[in-house]
Amino acid sequence: MGGCFSISLSCDQVVNQASQCLCVKQSYIHDLEENLSALEITMEDLKARRDDLSRRVKREENKGLRRLAQVQVWLTRVETIESHVKDLLCVRKTELQRLCLCGFCSKSLKLSYQDGKRVFMTLREVDVKIRI
């Protein structure tokens, strides 16, 4: 007679992981308009912080102090992010026109997903820079 054994696997964890992944990917598309608006507002806050810091740095430099390398790196990164955000906001209308059914669907799902993910990731990056 042969040996008998059974393996018990819980599909709950696999289903939960898959559904979370799909929900995140869908939210890139569904929340695109909201994320673009948030990105625009958050970038304005970051630019205001940059401008305030630049004024303080110039004031200190006029007193004979040298600019810290850390400050210069931060300012350079903000400029890079600002350029990236401008590019994203310039194509905003095109990205939103691709959406249909209140953002639950897209005429080009792959492009909408990529654009939505880029906007979301940039928004996170801008948030991080504001907190520094």
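The values are calculated or read from the model by the stated rules, or taken from the named source; none is laboratory data. The shown structure was predicted, so the numbers you read here are calculated from the model rather than taken from an experiment. Glycine also receives a Cβ, built like all others from the backbone with ideal geometry; neighbour counts cover every protein chain displayed.
Some points to look at:
- Elements of type helices (runs of 4 or more DSSP H) in the range 1-103, at least 3 residues being modelled with pLDDT of 90 or more, surrounded by 13 or more Cβ atoms within 10 Å (Cβ to Cβ) and of a type in the set (A, V, I, L, M, F, W, C): 32-62, 69-90
- The set of residues in the range 104-132 being touching a strand residue (DSSP E or B) at 6+ places or on another chain (Cβ under 8 Å) and either surrounded by 17 or more Cβ atoms within 10 Å (Cβ to Cβ) or modelled with pLDDT of 90 or more (or both) consists of S106, S112.
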